[in-house]
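Everything below concerns the one structure shown next.
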Amino acid sequence: MALKFPIFMDAQSTTPGDPRVVEAMIPYFTEKFGHAASRNHSFGWEAEAGVDRAREQLAKIIGARDPKEIVFTSGGTESINLAIKGVAEMYREKGNHIVTTVIEQRASLDVCKRLERHGYEVTYVPVRPDGLVELEAIQKAITDRTILISVMVANNEVGTIQDIAAIGRLAKEKGIIFHADGTQAVGKIPLNVETMGIDLLSCTAHLIYGPKGVGALYVRRKGPRVRIAPLIDGGGHERGMRSGTLPVPLIVGFGRAAEICGEVMAEESARLAKLRDRLQDMILSNVDEAFLNGHPERRLPHNLNISFAYVEGESVLMGLNKETALSSGSACTSSTLEPSYVIGALGASAELAHSSIRFSLHRFTTEEEVEHVGARTIEVVKRLREMSPLYELAKEGVDLKSIRWKAE
Ligand SMILES: Cc1ncc(COP(=O)(O)O)c(C=O)c1O
């Protein structure tokens, strides 16, 4: 099959919409346009039925007992805000301490920073060089004032998957609420809020081939019943946790997207892992001083993150960007030229953090695309290195750390 350009390999920033999702949404823009809270006519009932079905579809892929445990929001960022701020406000009397990790997505870190300005205390637990957080580190961080543990299921840059079930068990033992940011993981890897002991789970539609502008927060109703203060007050929708007219077409699309993920997950992740491994082997066997970031096994099947020493990630992207959409670092930090804080937190030097490239594959990625992107990446990195005096010096055996760059 002929390649179509540009090739999209940045599916951890967002995913292309699945046509089956769009098809499910369309009637809810036109003939089924009712307000889901209109209880006294069929337009409302029809819209409500669409939302109820989506709640069930979503509850099913995360193993929630009751569809009522799903609260629809505008996306992952809002869900995270609702989870962390909602617990912070509701359980203020019980304590003011939160435990999280240094590699959370900006939404979580920025919420925690804000809470710190309002008298809360936050412990940012470090991670190992492979991106895994040690259970003991979380355990040590817990105090008798801890009200929340908040940890991402899978990292958006390096794909490392945390031992969520172990953290869930620890949280249960200590009687602490556990929020998991599942934005990159829901629909991609098997998750079960019951067996993993998750009390709050954030997710978003646009990373599972659904529409942008809709997300959800799972809020446990039993064992324990978790209560959260709302961010948005109003008509009392979503059982008072998130007021505002529900975006029915988006919610219907989210539900359908979740349903499809549930049906194809096993096959899709096996296919993507195989393609990803091929890309990884191609690059690592042809480019020296290229390093895999994240855990070699415990990572998302569609994620590959590599640092290329002696070249700038941005230069690699520029060399490829007419035909391939990739990312250096995460979408929210790549607008600045700061090195990735995630790669930095794994212990890499600033230079290596600056030279990281994230390849993320998706449902519609083909083998031809992988072969092409692999070959072009190798070519571009080699070309950049030919122009790099640092690479030349390193190849001559000069220890770059010993160089005095300016007269002192
Ligand atoms: C791990 C993680 N959490 C939260 C978010 C924010 O989700 P949204 O874009 O739906 O606001 C993202 C977005 O990519 C993410 O990767």
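The values are calculated or read from the model by the stated rules, or taken from the named source; none is laboratory data. Values in this document were obtained by computation on a predicted structure and should not be read as measured data. All Cβ positions, glycine included, derive from the backbone under ideal geometry; neighbour counts span all protein chains shown. With ligands, DNA and RNA removed, areas are computed over all heavy atoms of the protein, side chains included. Shrake-Rupley method; radii C 1.70, N 1.55, O 1.52, S 1.80 Å.
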Find the strands (runs of 3 or more DSSP E) located wholly in region 57-145 whose residues include 3 or more that are within 16 Å of the ligand (Cβ to nearest atom), and list them.
70-73
Enumerate the pairs (first residue in region 368-380 and at negative phi and modelled with pLDDT under 95; second residue anywhere and in a helix (DSSP H, G or I) and small (Gly, Ala, Ser)) with beta-carbon separation below 6 Å, excluding pairs fewer than 6 apart on the same chain, so at least 6 apart or on different chains.
none
Apart from one, (1) basic (Lys, Arg); (2) in a loop (DSSP other than H, G, I, E, B); (3) under 21 Å from Thr183 (Cβ atoms) all hold for Arg358; the odd one out is (2)
For region 281-327 the number of residues that are assigned to a helix (DSSP H, G or I), closer than 21 Å to His354 by Cβ, of a type outside the set (A, V, I, L, M, F, W, C) and open to solvent by 20 Å² or more (accessible area, probe 1.4 Å) is 3
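For (1) polar (S, T, N, Q); (2) in the same structural domain as Leu317 (by TED's automatic domain parsing); (3) over 19 Å from Phe254 (Cα atoms), each residue gets a yes or a no:
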residue: Met25; (1), (2), (3): no, no, no
residue: Phe29; (1), (2), (3): no, no, no
residue: Ser38; (1), (2), (3): yes, no, yes
residue: Glu46; (1), (2), (3): no, no, no
residue: Ala49; (1), (2), (3): no, no, no
residue: Asp52; (1), (2), (3): no, no, no
residue: Asp66; (1), (2), (3): no, no, no
residue: Glu78; (1), (2), (3): no, no, no
residue: Val87; (1), (2), (3): no, no, yes
So, in region 49-66, how many residues would count as being open to solvent by 50 Å² or more (accessible area, probe 1.4 Å) and touching a residue at least 12 places away in the same chain (Cβ under 8 Å)?
5
Candidates Leu279, Leu361, Leu284 - the one that is modelled with pLDDT of 95 or more and within 16 Å of the ligand (Cβ to nearest atom):
Leu361
Any chance region 11-30 includes a residue that's at pLDDT 95 or above, within 16 Å of the ligand (Cβ to nearest atom) and either more than 27 Å from Ala154 (Cα to Cα) or open to solvent by 70 Å² or more (accessible area, probe 1.4 Å) (or both)?
no
Considering only region 385-393, I want to know if a residue exists there that is surrounded by fewer than 13 Cβ atoms within 10 Å (Cβ to Cβ), over 28 Å from the mean Cα position of the chain (by Cα) and at pLDDT 85 or above.
yes
Identity of the residue in region 207-245, more than 14 Å from the ligand (Cβ to nearest atom) and touching a His at 6+ places or on another chain (Cβ under 8 Å), that ends up farthest from Lys94 (Cα to Cα)
Thr245
Looking at (1) more than 28 Å from Arg39 (Cα to Cα); (2) of a type in the set (Ser, Thr, Tyr); (3) open to solvent by 20 Å² or more (accessible area, probe 1.4 Å), which one does Thr245 not meet, given that it meets all the others?
(1)
Restricting to region 146-182, count the residues that are within 14 Å of Val127 (Cα to Cα) and more than 20 Å from the chain's Cα centre (by Cα).
0
Might you check whether a residue that is more than 21 Å from Ser108 (Cα to Cα), at pLDDT 90 or above and within 16 Å of the ligand (Cβ to nearest atom) occurs anywhere in region 336-347?
no
Residue satisfying condition, being among the hydrophobic types (A, V, I, L, M, F, W, C) and over 20 Å from the mean Cα position of the chain (by Cα), within set Val122, Val133
Val122
Checking the condition more than 11 Å from the ligand (Cβ to nearest atom), touching a residue at least 40 places away in the same chain (Cβ under 8 Å), surrounded by 24 or more Cβ atoms within 10 Å (Cβ to Cβ) and within 29 Å of Arg271 (Cβ to Cβ), which residue from Thr204, Thr160 passes?
Thr160
